[in-house]
1. Determine if the stretch 202-210 includes at least one residue that is under 24 Å from LEU109 (Cα atoms), among the small types (Gly, Ala, Ser), open to solvent by less than 70 Å² (accessible area, probe 1.4 Å) and part of a helix (DSSP H, G or I).
2. Would it be correct to say that PHE34 is modelled with pLDDT under 85 and in a helix (DSSP H, G or I)?
3. For VAL216, only one of the following conditions fails: (1) open to solvent by 30 Å² or more (accessible area, probe 1.4 Å); (2) in a strand (DSSP E or B); (3) in contact with a Leu (Cβ under 8 Å, 6 or more places away or on another chain); (4) farther than 20 Å from LYS89 by Cα. What is its number?
4. Please determine, by comparing only the residues of the stretch 219-251 that are free of Cβ contacts under 8 Å to residues at least 60 places away in the same chain and open to solvent by less than 50 Å² (accessible area, probe 1.4 Å), which one is farthest from the chain's Cα centre (by Cα).
5. Are any residues in the stretch 182-201 in a loop (DSSP other than H, G, I, E, B) and either surrounded by fewer than 20 Cβ atoms within 10 Å (Cβ to Cβ) or touching a residue at least 60 places away in the same chain (Cβ under 8 Å) (or both), and if so, which ones?
6. Test TYR172 against the stated conditions and say whether it is modelled with pLDDT of 95 or more, under 17 Å from the mean Cα position of the chain (by Cα), surrounded by 22 or more Cβ atoms within 10 Å (Cβ to Cβ) and more than 21 Å from CYS64 (Cβ to Cβ).
7. Exactly one of these conditions fails for TYR20: (1) outside any helix (DSSP H, G or I); (2) among the aromatic types (Phe, Trp, Tyr); (3) at pLDDT below 70. Give me its number.
8. When residues of the stretch 62-90 are filtered for being touching a Gly at 6+ places or on another chain (Cβ under 8 Å) and without any contact (Cβ under 8 Å) to a residue 60 or more places away in the chain, how many remain?
Amino acid sequence: MNIPFSEQDWRATPPSVQNYIRCVFQEDQKNKNFKRNLIQNLKKRYWPDSNFVGPFEKAGHVICVCEDQWLWEHRNFIRGVVLDMSTPKYWHSYVYDLPNVSQVLISDLDSDTVEKSGIASKVDVVGDFCATPPPMPYESVDTVLCISILEHCEDPVAMIRNLANILRADGYLLCACPFAYIDGHMYPDYWRFCRDGYVFMAQKAGLEVVDTGQFVELGKYAAFEFGEDYSANSWHRGIPSGNWMIARKATTRASF
């Protein structure tokens, strides 16, 4: 066991305290091993060909591994000036190193720093993207990463419209939000979006939908509560832990 103090100090520690420390250490290791196995099983099932190991995986944040893998899988859509909404640099550090990315700007609603899981970054753009006009000039960015943001905003349709307006022609909007997830995981927590909802908002904003999809299929677990398997089948899409959309701004489009 690797202990965070000297062997001499360890020998001087009362046996009862030693046993307590051993139990805590072993439980911690057991939990880390459990999470590591969960992550490997997730990747094997949903991203079997991926060798990418992102910051969330390194930190053992199981649920966020989906975000890592999804962004990496669709990294070819990320280019030019990127607006990364309310995400500290560390958690999307690989985005900054992509060859087609020239600049990454971080935004937040009302703070000049943004923090997630104990890591913070300075914010470049402070303001409400539901407001009109938005806090950035029209046609000023090439990519928007709007991840776990829409569920917290008061008017998601207005936000998508504003994000479409700040995109340059041929720019991309990548959205993802939780679906089957904790209610009130961050205050305020207003919305959950079906994929059809994403398509509706994109069309209202004059965007072309490139693709939609889901993170992880949770439908089979409903059997524990309801006695029914609600996995995706021929008549519905199952119960995802999250849904996502990639949309594109056409080369010719009037601002909304």
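The values are calculated or read from the model by the stated rules, or taken from the named source; none is laboratory data. No experiment lies behind these values; they were computed from the predicted model shown. Glycine gets a Cβ as well: all are built from the backbone with ideal geometry, and neighbour counts include every protein chain shown. We work out accessible area using only protein heavy atoms, side chains counted, and drop any ligands, DNA or RNA first. Shrake-Rupley method; radii C 1.70, N 1.55, O 1.52, S 1.80 Å.
1. yes
2. Taking the combined requirement at face value, the residue satisfies it.
3. Unmet for VAL216, out of (1) open to solvent by 30 Å² or more (accessible area, probe 1.4 Å); (2) in a strand (DSSP E or B); (3) in contact with a Leu (Cβ under 8 Å, 6 or more places away or on another chain); (4) farther than 20 Å from LYS89 by Cα: (1).
4. Here the answer is ALA223.
5. Correct list: ILE182, ASP183, GLY184, HIS185, MET186, TYR187, PRO188, ASP189, TYR190, TRP191, ARG192, CYS194.
6. yes
7. (1)
8. Counting residues in the stretch 62-90 that are touching a Gly at 6+ places or on another chain (Cβ under 8 Å) and without any contact (Cβ under 8 Å) to a residue 60 or more places away in the chain gives 4.
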